[in-house]
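Colleague: Please find one structure pasted underneath; my questions will follow.
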Amino acid sequence: MSADRGQTVLDFVVGMSVFLVAVGFTFAFVPSLLEPYAVGEGATVIVAERGAARLAESSLAGSGSAATLSHACTLAFFNGTDPETASDESDCAWTANADDLHAELGVDDVRGLNLTVTQGGTLATLDAGGTAVAMRAGPAPPRDRSVAAASRLVTVDDPEDRAAPETYRLTLRVW
């Protein structure tokens, strides 16, 4: 052994500190690298965005712009009308009504879906001959799971009321 060599307590403390910081950094950083591959949250966001776009731009859209929903088609959709009878009366592009939202959006039944149309933060309704039809479909989203939501601002083209169109928020939640 060489007599020139000195091992002090300070050298040991610095070495162990560097080692422990490196190990701590590894344990803190590696799980975040693997998380996108383990959780699958990106798929629910994509399903929500695609579903909201389909409903606002084609399924419920009127003959005008993509952000304008047809009053007759939207009312028939949320009222639970059969697609064949709704198609005879107007140009509805949906194949399944709000009772079967999974079939309309082409989403597996393993995912939960909730469609809500609100105005000013409250649930919007459409008038069906004196009866108010709530524009809502699907169960309430769970509080204990991660829920992805996609929204579109839309108007409803009501041929009976030619006043300035009112703005609604169509929100699709997927979990």
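Colleague: So which of Ala61, Ala76, Ala86 ends up being closer than 19 Å to Ala48 by Cα and either in the same structural domain as Val47 (by TED's automatic domain parsing) or at pLDDT below 90 (or both)?
Modeller: Residue meeting the stated conditions: Ala61.
Colleague: Which strands (runs of 3 or more DSSP E) does the range 117-175 wholly contain that include 2 or more residues that are buried (at least 16 other Cβ atoms within 10 Å of the Cβ), at pLDDT below 90 and in contact with a helix residue (DSSP H, G or I) (Cβ under 6 Å, 6 or more places away or on another chain)?
Modeller: Where strands (runs of 3 or more DSSP E) fall fully within the range 117-175 and carry at least 2 residues being buried (at least 16 other Cβ atoms within 10 Å of the Cβ), at pLDDT below 90 and in contact with a helix residue (DSSP H, G or I) (Cβ under 6 Å, 6 or more places away or on another chain), they are 148-157.
Colleague: So which pairs qualify, if the first residue must be in the range 68-93 and closer than 17 Å to Asp157 by Cα and hydroxyl-bearing (Ser, Thr, Tyr), the second must be at pLDDT 80 or above and in a helix (DSSP H, G or I), the Cβ gap must be under 6 Å, and the two must be at least 6 apart or on different chains?
Modeller: That search, which allows pairs on different chains as well, returns Ser90/Ala72; Ser90/Cys73.
Colleague: Now for a separate question. Starting from the range 110-132, keep only residues that are farther than 16 Å from Ala98 by Cβ, then list their pairs with residues that are among the charged types (D, E, K, R) whose Cβ atoms are within a distance under 6 Å, requiring at least 6 positions of separation or different chains.
Modeller: Within 6 Å, no pair qualifies.
The values are calculated or read from the model by the stated rules, or taken from the named source; none is laboratory data. These figures come from a predicted structure and were not determined experimentally. No Cβ is skipped: glycine too gets one built from the backbone with ideal geometry, and neighbour counts run over all protein chains shown.
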